[in-house]
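Worksheet: one structure, shown below.
Please treat every number below as a calculation from the coordinates, not as lab data. Please read these numbers as outputs of a predicted model, since none were measured by experiment. Quick reminder, even Gly has a Cβ in these numbers, built from the backbone with ideal geometry, and neighbours come from all protein chains shown.
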């Protein structure tokens, strides 16, 4: 029983430590549908930016940039959806 409790304590400590190391980064995902893949990707990114912070949204609308963050690992999976295109997006936002 002691061995199980000890293993759980070590696993919890490792998990908390990993969270602290990546505390400045967050991965977000969103789904958007629009008339083209480019437009659906833009709307998905807009939603991800909003989920990081609504305060970033006006700047993103103005210039397409996420001030104070490095955006990486952008991935999109897009498929035709009737007369539209639906994209599932995912990106990592790291505070600079």
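Filtering the range 22-50 down to residues that are closer than 17 Å to residue 86 by Cβ and part of a strand (DSSP E or B), which residue is farthest from the chain's Cα centre (by Cα)? Spell out the reasoning first.
Going residue by residue through the range 22-50, those that are closer than 17 Å to residue 86 by Cβ are 29-48.
With part of a strand (DSSP E or B) added as a condition, the list becomes 29-34.
Numbers: 29: 5, 30: 8, 31: 11, 32: 14, 33: 18, 34: 20 Å.
The extreme case among them is 34.
Selection within the range 58-70: residues that are touching a helix residue (DSSP H, G or I) at 6+ places or on another chain (Cβ under 9 Å) and in contact (Cβ under 8 Å) with a residue 24 or more places away in the chain. The member of this set that is nearest to residue 37 (Cα to Cα) is 66.
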